[in-house]
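Chemist: I'd like to ask you about the structure that follows.
The values are calculated or read from the model by the stated rules, or taken from the named source; none is laboratory data. None of these values were measured; they are calculated from a predicted model. Ideal geometry is used to build each Cβ from the backbone, glycine not excepted, and the neighbour counts take in all protein chains shown.
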Amino acid sequence: MRRRNFLKNASLTGVGLAVGNSLKGCQDISPDGKKVVVSDKKTALPLVIATWHVIDATARAMEILQAGGTALDAVEQGCMVEEANEKGQSVGKGGLPDRDGNVTLDACIMDKHGNCGSVVYLKNITHAVSVARKVMEDTPHVMLAGEGAKNFALKKGFQPESLLTEASKEAWEKWKVEAQYNPIINIENHDTIGMLAIDKNGDISGACTTSGLAYKMAGRVGDSPIIGSGLFVDNEIGAAVATGLGEEVVKTVGSFLVVELMRQGKTPQEACEEAIKRIVQKPNSDFNNFQVGYIAVNKHGDTGSYSIHQWFSMTKYQGSVNQQIQSDYFKKA
Ligand code: SD4
């Protein structure tokens with residue numbers, strides 16, 4: 001099923017949707033104070049990118065950006081589209097459960113000031129990304145977990161609901177027959193949504209939301225809600241977000257690494273490639289058995305994406321084009 005999705009997604013590569021807007025040059029200020037074009041490459045702000053094939057989510061984010069909204073609102077609203085999509089089995093409602101049958105969500109959000117909020121092991125609330133935003137904005141903390149996160153969400157007016165759909169329950173029941181617990185999952189078992197946006201003022205925000213690995217141990221938390229691992233935003237430089245086997249991302253503090261590499265002068269593409277190399281080039285890395293992918297954007301609106309294995313993709317909405325772009329990858333044949 002998932003393989004079919006990937007093939008379907010792959011066949012959509014490069015199919016853009018025209019939704020008018022004009023392109024403008026990428027500008028910067030030279031030392032003498034004059035505006036100069038620093039890249040011939042035509043770029044356009046606002047812009048939004050996301051992991052995987054999520055053109056409805058990027059379309060929603062762009063709607064907000066084109067109406068003059070902030071990157072922060074855009075990434076929250078964009079992620080909410082996938083959280084509400086019951087067919088997506090690794091985000092929000094409809095997410096595959098842990099081995100005990102509980103759907104537990106991890107999410108985070110980060111704004112242009114470096115403020116951030118996250119929730120881990122959140123149950124029964126669809127829009128984990130919005131709860132993360134409330135943690136950021138309405139508490140002095142950056143992370144709430146489990147019952148505390150849920151009670152906080154309920155106090156903030158979020159409605160409790162069952163997140164386990166019939167389809168996910170059926171899949172879990174099938175899994176239980178053999179109940180093989182192997183966290184080194186196949187390379188296709190990832191479709192966490194991570195989204196990065198730059199608004200018309202050039203300010204960057206990002207968000208990430210997931211139900212994590214299917215049939216994970218109860219209580220397991222991945223990279224997605226960990227600031228610096230699943231997501232990092234530095235409004236001076238750029239932002240990055242990860243998908244894939246969270247344990248490997250956490251061990252290399254992946255998203256922070258990508259942003260720091262951009263700070264040192266790498267393009268988003270080069271930075272994503274280097275961060276993947278840090279994983280695969282570890283002695284004894286078992287990378288044949290797991291997938292990790294990064295997407296990144298810099299302050300000029302240049303973007304990049306890279307993964308260990310084939311079939312990772314990024315959705316990018318810039319100018320008038322909302323399209324899925326297949327990612328280059330490390331492990332060639
Ligand atoms: C995790 N990074 O929990 C997430 C998994 C993922 O689509 O990307 N799922 O490790």
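Chemist: Out of the residues in region 170-198 meeting the condition of being at pLDDT below 90, closer than 30 Å to A59 by Cβ and surrounded by 15 or more Cβ atoms within 10 Å (Cβ to Cβ), tell me which one is farthest from the ligand (Cβ to nearest atom).
Modeler: Top of the filtered list is A171.
Chemist: Please tell me if Q318 is surrounded by fewer than 22 Cβ atoms within 10 Å (Cβ to Cβ), under 19 Å from H53 (Cα atoms) and in contact (Cβ under 8 Å) with a residue 60 or more places away in the chain.
Modeler: Values: surrounded by fewer than 22 Cβ atoms within 10 Å (Cβ to Cβ): no; under 19 Å from H53 (Cα atoms): yes; in contact (Cβ under 8 Å) with a residue 60 or more places away in the chain: yes.
No; evaluated as a whole, the condition is false for this residue.
Chemist: Can you find a residue in region 198-217 that is more than 24 Å from V75 (Cβ to Cβ) and among the aliphatic types (A, V, I, L, M)?
Modeler: yes
Chemist: A further question follows. Among the residues of region 256-273, count how many are closer than 13 Å to S305 by Cα and within 16 Å of the ligand (Cβ to nearest atom).
Modeler: Qualifying residue count, region 256-273: 2.
Chemist: Could you list, in sequence order, all residues of region 93-131 that are touching a strand residue (DSSP E or B) at 6+ places or on another chain (Cβ under 8 Å) and more than 21 Å from L164 (Cβ to Cβ)?
Modeler: Within region 93-131, C108, I109, M110, D111, K112, G114, C116, G117, S118 meet the criteria.
Chemist: Continuing with the same structure: Is it the case that region 298-310 has a residue that's of a type in the set (A, V, I, L, M, F, W, C) and either surrounded by fewer than 18 Cβ atoms within 10 Å (Cβ to Cβ) or more than 14 Å from the ligand (Cβ to nearest atom) (or both)?
Modeler: no
Chemist: Of everything in region 224-255 that's farther than 19 Å from I276 by Cα and touching a strand residue (DSSP E or B) at 6+ places or on another chain (Cβ under 6 Å), which residue is farthest from the ligand (Cβ to nearest atom)?
Modeler: If we take residues in region 224-255 being farther than 19 Å from I276 by Cα and touching a strand residue (DSSP E or B) at 6+ places or on another chain (Cβ under 6 Å), then N235 is farthest from the ligand (Cβ to nearest atom).
Chemist: Given the conditions (1) aliphatic (A, V, I, L, M); (2) on the phi > 0 side of the Ramachandran plot; (3) within 14 Å of the chain's Cα centre (by Cα), which single one is not true for A239?
Modeler: Single failed check for A239: (2).
Chemist: Filter region 214-223 for residues that are on the phi < 0 side of the Ramachandran plot and touching a residue at least 60 places away in the same chain (Cβ under 8 Å); which is nearest to the ligand (Cβ to nearest atom)?
Modeler: Once the filter is applied, the top-ranked residue is G222.
Chemist: Now for a different question. If we scan region 127-140, do we find a residue that is more than 30 Å from S313 (Cβ to Cβ), assigned to a loop (DSSP other than H, G, I, E, B) and at pLDDT 95 or above?
Modeler: Looking through region 127-140, at least one residue is more than 30 Å from S313 (Cβ to Cβ), assigned to a loop (DSSP other than H, G, I, E, B) and at pLDDT 95 or above.
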